[in-house]
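Quick notes on the structure that follows.
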Amino acid sequence: MPIQKNVTLSAVRGEENYDAYNLSPDACAILISYSGENPNLLALNTILRARNIPTIAITSIGENRLSQECTCFLPITTREKLYSKICNFTINTSIIFLLNVLYALVFSEHYDAHLKHLKRIGELVDHRTISNAVMQENERTKKSPFLTEGAFFTVFRRINTLCSTTQRAKTPLQYGKWLNE
């Protein structure tokens, strides 16, 4: 992540259990499952719970084991059938939206510091040129970011309120300690 947060993705089946045992005590795991009944993720969640690692379940609305057993439950749309769907349009959109919300929550907790770090690293690493004036970095955009800290907090307080109304949910802001340390 460009804001000094380590992210581990398990790309090989079975490796996620090794990753779970190697997580630092202050880590947080995000488990994504449409059905919420994937036996591999449920087993992984058992390992994480035994290690007191907080978990965020991104899974379908309704009763499922993953949403009940994780620390925080963020529901995704359940408009698509399990087998007869044409494509995963709404599922993918929901998951990407929630991951972006979580990233923005972490970013907004130390907005100025993260923005300063992001710009400093970008200047060192990204040497592309751009002819599109909207995308050009200049003194005006460096001093006045498009989204202010206040805008982030307004949006995410509303999302936090929505999350807190779901049954069994504990919101990301309630677990802010492990989201932004």
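Coordinate-derived values only; no laboratory data. What you see is a predicted model, and the numbers here were worked out from it, not measured in a lab.
Once the chain from D112 to I130 is taken as fully extended at 0.36 nm per residue, the excess over their C-alpha distance is 4.0 nm. Put simply, the amide H of I30, placed in the peptide plane, has neighbours under 5 Å in I56, leaving out anything fewer than 5 places away on its chain.
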